[in-house]
Amino acid sequence: MAIAQPATRPANPRFSSGPCAKIPTFDLNKLADAALGRSHRAAVGKDKLKAAIEETRDLLGVPADYKIGIVPASDTGAFEMAMWSLLGERPCEMLAWESFGAGWVTDVVKQLKLDAEVKTAEYGEIVDLSTVDFNKDVCFTWNGTTSGVRVPNGDVIPADRDGLTLCDATSAAFAMNLPWDKLDVTTFSWQKVLGGEAAHGMLILSPRAVERLESYTPAWPLPKIFRLTKGGKLIEGIFKGETINTPSMLAVEDYLVALDWARSVGGLKGMIARADANTAAITGFVETHDWIDFLATDPATRSNTSVCLKFTDDRIADGAAFAKAVAKRLADENIALDIGAYRDAPAGLRVWCGSTVETSDIEAMLPWLEWAFDAEIEAQKAAA
């Protein structure tokens, strides 16, 4: 039996969790002022890179004595740079509740070969943060992009800790409140909440992290692309727009345009409100449909950006195949693109609800999700 399709379609079907939807006002003509064909070391290039740093500081409320640098290789490069440069001075704890956190564990244990204490939680859960010893260096993701589980706040992190906190905040920055006094290293990429282009990462260092860099030399050699100090002193230029390697000035311009848009919608508070509204729309849908639920079990730790969902209907014979089929139906109808669960995550869907997504598009997509579910249930019956 044919199931009637909803009448309304999303204006923008892009719900990918990275690279994420561009800002709603995006137009290639907005990049016309990019410093193309110019050296990033020329005045125009330096000015734009410095503007990207200072606008980031202002919008996120990063303290004046924290250093902000633009570094290569997206969030991955930024976090690897931090781990390779800072860890090893004292014992460390590695926290993981999804695939990217697990990746940092692998790098520290198998590549740096540190005797780290590893604490993990299953997808949908979070590590018991009250058990963490913050007198050690602690590495963690603020928001689990592949699990939809986030740290609810920084209350558990003591102000008088001896260790450093290294936080991968790539799907949290600009959509969640980050307690800067509790974070010594914070990294994120432009391609997430602001929908910027990939390849560049942001590295934010507290004074405590800078002190560690200038007083500690790792036992292992550091590639040039990871080096943050020279002669025992921080390379200040990195944090003034003098990047380690050549940046894309087109991507820099795109980031500046996105930052300007973020300011136009109310800055950080406005960005958080937009992500919260998107997630609230999905929450209302989940609460009124008994065949779907959040992967994150505790509402206090549910992400407002990378919203992960699971099907719970007993009629579903093969969860992975069913979820893929639903995602394909939605993609084929150009309703929702790239919403399948991450390859290492449990079967289900992942809908990006970050600030560049319009709530009206989420609301228009949800009836189609119900349509795709019902159609796939019928198809499963017919095949039985």
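The values are calculated or read from the model by the stated rules, or taken from the named source; none is laboratory data. Note that this is a predicted model, so its numbers are computed, not measured. Methodologically, a virtual Cβ is constructed for each residue, glycine included, from the backbone with ideal geometry; neighbour enumeration extends over all protein chains shown. These area figures cover heavy atoms from the full protein model, side chains too; ligands, DNA and RNA do not enter into them. Shrake-Rupley method; radii C 1.70, N 1.55, O 1.52, S 1.80 Å.
Points worth noting:
- Among the chymotrypsin sites (Phe, Trp or Tyr not before Pro) in the range 257-348, those located in a DSSP loop and surrounded by at most 16 other Cβ atoms within 10 Å of their own Cβ are 291.
- Neighbours of residue 260 by Cβ distance under 14 Å: Lys/Arg scored +1, Asp/Glu scored -1, total -3.
- In this structure the amide hydrogen of residue 149, modeled in the peptide plane, comes within under 5 Å of the amide hydrogens of 144, 303, none closer than 5 places in sequence on its chain.
- Here the accessible area of the chain is 50 percent carbon and sulfur, with a 1.4 angstrom probe and all protein chains present.
- Using a Förster distance of 22 Å, the FRET efficiency for residue 109-residue 283 (Cβ separation, nearest 0.05): 0.05
- Pairs beyond 30 Å (Cα-Cα), from 30/328; 22/230; 119/192; 192/240; 22/67: 30/328; 22/230
- Taking other residues whose beta carbon is less than 12 angstrom from the beta carbon of residue 209, and scoring Lys, Arg as +1 and Asp, Glu as -1, yields -3.
- Simple spin-label estimate for residue 47 and residue 25 in nanometres, 7 Å along Cα-Cβ: 2.2
- From helices alone, the chain scores -10500 deg cm²/dmol at 222 nm; the rule is -39500 (n - 2.57) for each run of n ≥ 4 DSSP H residues, then divide by the residue total.
- Taking N as its residue count, the alpha carbon Rg of the range 299-346 over 2.2 N^0.38 Å: 1.26
- All Cα pairs of the range 34-132, percent lying beyond 16 Å: 69
- Using a Förster distance of 45 Å, the FRET efficiency for residue 64-residue 5 (Cβ separation, nearest 0.05): 0.25
- Counted charge near residue 90, where neighbours are those whose Cβ lies closer than 10 Å (Asp, Glu -1; Lys, Arg +1): -1
- Pairwise FRET efficiency - residue 384 versus residue 264, Cβ, R0 = 41 Å, nearest 0.05: 0.20
- Simple Cβ-charge dipole of the chain, Lys/Arg +1 and Asp/Glu -1, about Cα centre, in debye nearest 20: 1300
- D by Stokes-Einstein for the range 232-322, Kirkwood Rh over Cα pairs, 37 °C, 0.692 mPa s: 190 µm²/s.
- Mean-position separation - Cα centroids, the range 86-108 and the range 1-31, in angstrom: 35
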